[in-house]
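Comments concern the structure below.
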Amino acid sequence: MIMSDTPKPAEMNHSSNGSPWIEGVGLALSRNDRYIFTDLNFSLAAGQILQVEGHNGSGKTTMLRILCGLTLPSEGEIRWCGEDIRKNLAEYYAQLAYVGHAPGIKGELTPLENLELARSMSRPRKEADAEQVLERLQLPAYCDDVLCHNLSAGQRRRVALGRLLMLDARLWVLDEPFTALDPGGRKLVEELLSGHAQEGGMAVLTTHHVVNLEGCIVRGLQLGT
Amino acid sequence: MSEASLGTAFISLLRRDLMLAYRHRAQMLNPLLFFVIVVSLFPLGLDPDPDLLRTIAPGVIWVAALLAAMLSLDSMFRSDFDDGSLEQLLLTPHPLPLLVLAKIVAHWLISGLPLLVLAPVLGMLLNLGSESLFPLLATLALGTPVLSLIGSIGVALTVGLRGGGVLLSLLILPLFIPVLIFAANAVGNAGAGMDITGQLAFLGSLLALAFALAPLATAAALRISLN
């Protein structure tokens, strides 16, 4: 199994001047006595985006779940500010927003109710307003009062991504954020990502799309080639 | 940190679960209907002798309550697991056992509390004397929260498994038995004019124990299930 942490564009020398950062050290994952990846290392400084790449079944989603502390790696650890995240999960989770494969929104609630719930469960942005967030996500106004299970898959994905704008999270972990989104939606997510990076945030994402993030430092992490 | 307080998170989660139950009324009524049907079928299936019914009433009502609780347990984490909300719950900065407790409280309010309202009516149907009504309510008030609390551990352990229903029954039924024995015995003894302080104290201590430990165990089980 090969893992590489290859810098993509040339702006790699941009320094992080000591701000919070995340790193994976010596990560390995085995399933059914078979290593999916071994000795995986990466690190991310403020303002950087990490794109995890690999074919289907190469462990991209599991890698993101390890990053969130949901799955325990077989070996290695994730460090936040140089300390193992398991030592202080609460502080780490206050800085983390995760949009996984499953959208994590309730079908029986309206988009507004879902976002309000997200706000009350974690550390919200001060200026976060659910209605404005939905507007920013270009969700038609009539959707505000429609239950989420009546929305289209792409609209539900937008509501799920709304969590990123409701929370004051430094690190975004996004599993296939472009799934089910139309070109307009994909562009919107790219804008959100570059805005987040320019504010000094970090993001780790998996996608098979070619991401076009202007002015951002995008690093690549190749799994299982 | 401008973090939403734990109190806000607890109340929001409780409110969310109650709202979801309200929007899923039919599903919520299922276990209650089951409770009523099982109890009301007994007089039809057995000899409708008032004395016989009075004798079996405590046991019948409690067995039905226990089965109704089992029936409603599976839904505690199922939909949250399926739609990814459970992952989000694990990723909040708040202590997971307390958030889990909010879900357990919601579950009890939805499936345990209505049993307390229905039980006196069903008691009268089975010719349960008025001296047994208070003990029946007291045992249900102390016992049904224990069922929700202990049940949550089993549900958390089996939520990731396909067809975990059978395993869930095997896991938690043995733990429900003490509640059943002491509660039904208390109601029966009260009918015979005996003192039931001992049984109530035992149920109370079971409740205290489950209240203190079950959320911790459930939180740990959820982390394992989602691993």
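Rule-based calculations on the coordinates, nothing more; no lab input. Everything numeric in this text was worked out from a predicted model, so none of it was measured. Ideal geometry is used to build each Cβ from the backbone, glycine not excepted, and the neighbour counts take in all protein chains shown.
About its Cα centre, the dipole of the protein assembly as shown is roughly 200 debye, where the only charges are +1 on Lys and Arg Cβ and -1 on Asp and Glu Cβ.
Hey, what does the equivalent ellipsoid look like for region A:106-168, semi-axes from the Cα gyration tensor as sqrt of 5 times each eigenvalue, largest first, whole Å? Don't jump to the answer; show the numbers that get you there.
Working: eigenvalues 65, 27, 17 Å².
Semi-axes, largest first: 18, 12, 9 Å.
Take every Cα pair under 8 Å whose residues are at least 6 apart in sequence, average their separation, divide by the length of region A:106-168, and the relative contact order is 54 percent. How many nm separate the modelled label positions at residue A:182 and residue B:49, each set 7 Å beyond the Cα in the direction of the Cβ? Using points 7 Å along Cα→Cβ, the separation is 7.5 nm. Relative to the longest principal axis of the Cα atoms of chain B, helix B:96-111 runs at roughly 40 degrees. If a spin label sat at a point 7 angstrom from the Cα of residue A:61 along the line to its beta carbon, the backbone N atoms of region A:174-211 nearer than 15 Å would be those of A:174-180, A:206-208. With Rh defined as the Kirkwood radius, the inverse of the mean 1/r over Cα pairs, the Rg/Rh of region A:73-153 is 1.09.
Assign one of three labels to region A:82-225, namely rounded, prolate or oblate, based on the Cα gyration tensor with a ≥ b ≥ c the square roots of its eigenvalues; rounded applies when a/c is under 1.5, prolate when it is not and a/b is larger than b/c, and oblate otherwise. The shape class here is oblate. Each Lys and Arg adds +1 at its Cβ and each Asp and Glu adds -1 at its Cβ; summed about the Cα centre, region A:136-207 shows a dipole of about 60 debye.
With both bridge residues required to lie in the protein assembly as shown, what share of the DSSP beta bridges run antiparallel, to the nearest 5%? Approximately 50 percent, going by the DSSP bridge assignments. Of the cross-linked pairs A:60/B:103; A:60/A:187; A:87/A:187; A:60/A:126, those separated by over 27 Å at the C-alpha level are A:60/B:103; A:87/A:187; A:60/A:126. With a 10 Å cut-off around each Cβ of A:109-117, the average count of Cβ atoms from other chains is 2. The label point for residue A:23 and the one for residue B:33, both projected 7 Å from the Cα toward the Cβ, are 6.0 nm apart.
Per the Debye calculation on region B:153-215 with a single equal scatterer at every Cα and no solvent contribution, log₁₀ I(q)/I(0) for q = 0.25, 0.26, 0.29 Å⁻¹ amounts to -1.00, -1.04, -1.14.
Counts of other chain beta carbons within 10 angstrom of each beta carbon in peptide B:21-32 average 1.
About its Cα centre, the dipole of region A:106-168 is roughly 360 debye, where the only charges are +1 on Lys and Arg Cβ and -1 on Asp and Glu Cβ. Averaging the sequence gap over all C-alpha pairs within less than 8 Å and six or more residues apart, then dividing by the number of residues, gives chain A a relative contact order of 33 percent. At an R0 of 56 angstrom, the distance between the Cβ atoms of residue A:72 and residue B:131 translates into a FRET efficiency of 0.50. The length gained by stretching the chain between residue A:212 and residue A:129 to full extension, at 0.36 nm per residue less their Cα-Cα distance, is 27.1 nm.
Annotation: amide H of residue A:53 within the under-5 Å range of A:221, A:222, A:223, sequence separation 5 or more or interchain, hydrogens built in the peptide plane. Here the Kirkwood formula, the inverse mean of 1/r across different C-alpha pairs, assigns chain B a hydrodynamic radius of 18.3 Å. Among the GluC sites (Glu not before Pro) within region A:93-177, those in coil by DSSP and having at most 13 neighbouring Cβ atoms inside 10 Å are A:127. Considering Cα pairs under 8 angstrom that are at least six residues apart, work out the relative contact order of chain B and quote it in whole percent. In percent, rounded to a whole number, it is 26. Against chain B, whose longest principal axis comes from its Cα atoms, helix B:113-125 is set at around 10 degrees.
With everything on Cα atoms, drop me the angle between helix B:50-73 and the longest principal axis of chain B, reported from 0 to 90° to the nearest 10. Around 10 degrees separate the two axes. Using only Cα positions of the protein assembly as shown, each an equal point scatterer, no hydration layer, compute I(q)/I(0) via Debye at q = 0.09, 0.11 Å⁻¹ and quote the log10 values to two decimals. At q = 0.09, 0.11 Å⁻¹ the computed log10 ratios are -0.66, -0.88. The residue A:39 and residue A:91 beta-carbon pair, evaluated with R₀ = 45 Å, returns a calculated FRET efficiency of approximately 0.95. Model label sites at residue B:175 and residue B:40, defined 7 Å from Cα along the beta-carbon direction, differ in position by 3.3 nm.
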